[in-house]
Amino acid sequence: MPLTHVVITSGRSIELTHLRLFSTYGGLLEGYPHQALNDRLVKGLLSTAAAADPRTPAHLVPPPREHPDDGRDGRDGHFGPVEILPPVACTGLFESTPVNPDNDPVLHRSALTIVWFQATPQPPSVQEADRGLREVAWEELAQDYEL
């Protein structure tokens with residue numbers, strides 16, 4: 001039984017079957033968020049998601065990056081200007097009907113692991129899903145598998 005459904009812009013309904021939520025900066029004890037840190041964080045989440053189930057492709061929804069004006073101009077900090085990602089990092093396994101129309105929908109499903117960032121720790125839903133998540137190109141990214 002899925003945790004929730006999301007209808008993507010193509011009209012396909014995808015089911016969220018596994019979800020992991022992380023505090024984006026939960027391990028940051030000192031310093032401040034900046035581009036290099038965020039790039040490492042995003043790369044690590046995508047790599048972990050891909051390794052968790054090597055049979056399922058993993059996809060990153062590029063996160064929005066905010067650059068608040070906090071008085072730093074990039075020259076007074078060692079790491080450059082402040083750059084902030086949304087506070088909640090998410091990894092979810094989504095499943096749907098087969099991508100290949102030749103595959104029997106009774107015997108086949110399609111799957112894709114998606115990494116995305118959002119403002120709240122609430123699971124996505126039909127009514128409330130991140131725009132980037134709803135715009136995933138499922139037919140190009142997901143992979144069919146046999147039950």
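Quick note: the coordinates plus some simple rules give every number you see, no bench work behind them. Worth saying up front: this structure is predicted, and the values here are computed from it rather than measured. Glycine also receives a Cβ, built like all others from the backbone with ideal geometry; neighbour counts cover every protein chain displayed.
Going by neighbour counts of Cβ atoms within 10 Å, the residues 141, 41 line up, fewest first, as 141, 41.
What is the order of 84, 114, fewest Cβ neighbours within 10 Å to most?
84, 114
Taking a ≥ b ≥ c as the square roots of the eigenvalues of the Cα gyration tensor, the stretch 21-62 is classed as prolate, since a/c reaches at least 1.5 and a/b is larger than b/c. The DSSP beta bridges internal to the chain are antiparallel in roughly 90% of cases. On a 0 to 90° scale, report how tilted helix 35-52 is relative to the longest principal axis of the chain, with both axes built from alpha carbons and the result rounded to the nearest 10. Approximately 30 degrees, to the nearest 10. Rounded to the nearest 20 debye, the dipole size of the chain about its Cα centre is 200 debye, using +1 on the Cβ of Lys and Arg and -1 on the Cβ of Asp and Glu. Ranked for footprinting exposure by Cβ neighbours inside 10 Å, fewest first, 115, 42, 106, 126 give 106, 126, 42, 115.
Take every Cα pair under 8 Å whose residues are at least 6 apart in sequence, average their separation, divide by the length of the chain, and the relative contact order is 32 percent. The simple Förster model, with R0 at 30 Å and r as the Cβ-Cβ distance, assigns residue 127 and residue 36 a FRET efficiency of 0.25.
Quick check: residue separation of residue 47 and residue 18 times 0.36 nm, minus the Cα distance between them. What number comes out in nm? Each step should come with its number before you reach the end.
Working: separation 29, 0.36 × 29 = 10.44 nm, distance 1.69 nm.
Fully extending the segment from residue 47 to residue 18 adds 8.8 nm.
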